[in-house]
Every structure is written in structure tokens, then in C-alpha cells.
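One structure is given here, and the rest of the page talks about it.
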Amino acid sequence: YVPTAHFASTTGAVEWLHKNGYTVVAMETTSLSVPYTNVTYPKPTALIVGNEVYGVATEVLEDCDHIVEIPCFGVKNSLNVAAAAATGTFEIVRQWNVGL
């Protein structure tokens, strides 16, 4: 099973994650983001994804260790949150399983 916790705010969750040794990575398209495959994800890593309308809040992005994006081609500049979370999670687990 996966342990869960509830926080009053995302910034509170990020603060707790940092205090407990997590690297915190946000998935968001910004001028500061890098392709998600260009980052090494240590254990443990927490992946923050925003909602499909507003994305990840600026104050949350400022507290994250990395900001990554999924490069998209064509008219749209992002995937829906479910597809983005699955893609990011797959890359993290892939790296952990090959020992990067």
C-alpha cells in the first residue's frame, strides 16, 4: 500500500516532504522548466502535478527542487494531468530500476 497524508496547503506538503528527505519535483511548463528526461530522480522523490486549468501555483514552484516539463509538439503545450503524472512517474520508476 502507499501511505497517504492530507495537508491544508500544497506549500505545507512540500515543506513536510523536504523536512523528511524528499526531492520535490513539479511538472509544469514554465520558462524555468527542463525536459523531464533531463533530471535524475533520487530516492525518495515526490512529484507535484497541478490541476488542468491553473497548473502548479507559483509559490509551490518556488519551493520545488526541480521544475520539469513534457515536451509537446503541435498546437497544445501540455498533456492532461493524468497523462502527465503517469509519464513522470514512469520515468522516475524507470530510473530507479536501472540504477541511474
Of the criteria (1) closer than 15 Å to Tyr41 by Cα; (2) within 14 Å of the chain's Cα centre (by Cα); (3) open to solvent by less than 70 Å² (accessible area, probe 1.4 Å), which one Gln95 fails: (2)
Being within 13 Å of the chain's Cα centre (by Cα), modelled with pLDDT under 95 and crowded, with 18+ Cβ neighbours inside 10 Å, is that true of even one residue in region 33-43? no
In the chain, which helices (runs of 4 or more DSSP H) lie fully inside it and hold 1 or more residues that are in contact (Cβ under 8 Å) with a residue 60 or more places away in the chain? 81-98
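Somewhere in region 53-66, is a residue farther than 19 Å from Val14 by Cβ and at pLDDT 95 or above? Break it down stepwise before answering.
In the first step, residues of region 53-66 are kept if they are farther than 19 Å from Val14 by Cβ; the result is 53.
Next, only the ones that are at pLDDT 95 or above stay: none.
For region 53-66, residues farther than 19 Å from Val14 by Cβ and at pLDDT 95 or above: absent.
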Do you know which residues across region 63-82 are more than 14 Å from Thr23 (Cβ to Cβ) and open to solvent by less than 40 Å² (accessible area, probe 1.4 Å)? Ile70
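The values are calculated or read from the model by the stated rules, or taken from the named source; none is laboratory data. The shown structure was predicted, so the numbers you read here are calculated from the model rather than taken from an experiment. Note: ideal-geometry Cβ built from the backbone for every residue, glycine included; neighbour counts use all protein chains shown. Protein only, heavy atoms only, side chains kept; ligands, DNA and RNA dropped before computing areas. Shrake-Rupley method; radii C 1.70, N 1.55, O 1.52, S 1.80 Å.
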